[in-house]
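A short write-up of the structure that comes next.
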Amino acid sequence: MTELMKNPRVMKKLQAEIRSSVGKINKPLVEETVCENLKYLRMVFKETLRLHPPLVLSIPHLSQKHIKIGGYDVYPNTRIQDFDLLPFGSGRRVCPGMTIETATFEFVLGNLLYHFDWKLPDGMHIEDLSMEEELGLIVNKKIPLCLVPVKHI
Ligand code: HEM
């Protein structure tokens, strides 16, 4: 939401995608089935994780024995990665919550943007939005985002 507030062009494009898709099926809610077809929303999800991965370091996993993959030799203690969506890790121990997290993100953000326009509180400007992060078990925003919702009719 902070990145979207800092990039009004992207916010507008995303809301237009969501509102036009939901409008077509005449439903009061952005449902998971709708989210599946929202390509720009999926791109925003991936870009958000690229810019702000909640876990900063992936746990290194090593091959234990000599194997062949696609005709290539992989020797013991080699780190090989599937560079697809790295914030969730990769390989055998890839995050099993990836699918539920993608659905949850798209469902929640999709509905927040479908039903409301978002304004900064009076006297606040885009430049005042803090992007500072705080490192704990996962990365959090240091200063919470405070916005004013305006119901979209
Ligand atoms: C944006 C949200 C999330 C991110 C960025 C994330 C990221 C990760 C990463 C990087 C790992 C380590 C993968 C590796 O060892 O290579 C992991 C493991 C794991 N995640 Fe997630 N995760 C997220 C959400 C979730 C959710 C919603 C669930 C459960 C519903 C979940 C369950 C797990 C479990 C059980 C493991 C351990 C898997 C194993 O060691 O075999 N995660 N996650």
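The values are calculated or read from the model by the stated rules, or taken from the named source; none is laboratory data. Every value quoted in this text rests on a predicted model; they were computed, and no experiment measured them. Reconstructed Cβ throughout: ideal geometry from the backbone, glycine too, with neighbour counts over all protein chains shown. SASA here: full protein model, heavy atoms, side chains in, ligands and nucleic acids out. Shrake-Rupley method; radii C 1.70, N 1.55, O 1.52, S 1.80 Å.
Remark: the chain carries a charge dipole of roughly 380 debye about the Cα centre, counting +1 on each Lys and Arg Cβ and -1 on each Asp and Glu Cβ. The chymotrypsin sites (Phe, Trp or Tyr not before Pro) of region 47-153 meeting both criteria, a DSSP state outside H, G, I, E and B (loop) and at most 14 other C-beta atoms within 10 angstrom of the site's C-beta, are Phe83. Rounded to whole Hz and in sequence order, give me ³J(HN,Hα) for region 112-120 from the Karplus expression 6.51 cos²θ - 1.76 cosθ + 1.60, θ = phi - 60°, writing x for Gly and Pro. Whole-Hz 3J(HN,Hα) from phi for region 112-120: 4, 7, 6, 8, 9, 9, 10, 10, 7. With respect to the cross-link table entries Lys119/Lys142; Lys12/Lys141; Lys12/Lys119; Lys46/Lys142; Lys24/Lys46; Lys119/Lys151, which display a Cα-Cα separation exceeding 18 Å? Among Lys119/Lys142; Lys12/Lys141; Lys12/Lys119; Lys46/Lys142; Lys24/Lys46; Lys119/Lys151, the Cα-Cα distance tops 18 Å for Lys119/Lys142; Lys12/Lys141; Lys46/Lys142; Lys24/Lys46.
Computing the accessible area with a 1.4 Å probe over protein heavy atoms, can you report the carbon and sulfur percentage for the chain? Working shown, then result.
Numbers: 6540 of 10990 Å².
Accessible surface attributable to carbon and sulfur in the chain totals 60 percent.
Once C-alpha pairs closer than 8 Å and six or more residues apart are averaged by separation and normalised to the residue number of the chain, the relative contact order reads 25 percent. Per-residue surface analysis assigns Arg50 an accessible area of about 150 Å², computed on protein heavy atoms at 1.4 Å probe radius.
Send over a whole-number figure in Å² for the accessible area per residue of the chain, probe 1.4 Å. It would help to have the intermediate numbers written out before the result.
Values: 10990 Å² over 153 residues.
Solvent-accessible surface per residue comes out at 72 Å².
Potential lengthening of the chain between Val150 and Leu55 amounts to 30.9 nm, from the contour at 0.36 nm per residue minus the alpha-carbon distance.
Give the separation of the Cα centroids, region 81-136 to region 1-31, in Å. Taking the Cα centre of each part, region 81-136 and region 1-31 sit 15 Å apart.
Take the alpha carbon gyration tensor of region 102-153, find the square roots of its eigenvalues, order them as a ≥ b ≥ c, and report rounded if a/c is under 1.5; if not, report prolate when a/b exceeds b/c, else oblate.
Judged from the Cα gyration tensor, region 102-153 comes out oblate (a/c at least 1.5, b/c at or above a/b).
With a cut-off of 17 Å on the backbone N, the residues of region 15-58 near the modelled label site 7 Å out from Ala103 along Cα-Cβ are 30-38, 42. Straight-distance candidates among the aspartates and glutamates for linking to Lys65, with alpha-carbon spacing under 20 Å and chain neighbours fewer than 8 residues away dropped: Asp73, Asp82.
For Glu133, nonlocal amide neighbours, meaning residues 5 or more places apart or on other chains whose placed amide H falls under 5 Å from its own, are Lys142. Between Val74, Val94, Val22, the Gaussian network model of the chain with springs among Cα atoms under 10 angstrom shows the greatest mean-square fluctuation at Val74.
Comparing Thr102, Thr78, Thr33 in a Gaussian network model of the chain (Cα springs below 10 Å), the most mobile by mean-square fluctuation is Thr78. Positive contributions from Lys and Arg (+1) and negative ones from Asp and Glu (-1), summed over other residues with Cβ under 11 Å from the Cβ of Pro60, come out at +2.
If I take R0 = 22 Å and measure r between the Cβ atoms of Met43 and Asp82 in this structure, what FRET efficiency does the formula 1/(1 + (r/R0)^6) give, to the nearest 0.05? It comes to 0.65.
Between rounded, prolate and oblate, where does region 1-148 land on the alpha carbon gyration tensor, with a ≥ b ≥ c its root eigenvalues, rounded for a/c under 1.5, else prolate if a/b exceeds b/c?
Working: a/c = 3.13, a/b = 1.67, b/c = 1.87.
Oblate shape, in that a/c is at least 1.5 and b/c is the bigger or equal ratio.
Only helices enter this figure: runs of n ≥ 4 DSSP H residues, each worth -39500 (n - 2.57), summed and divided by the residues of the chain, yield -11500 deg cm²/dmol at 222 nm to the nearest 500.
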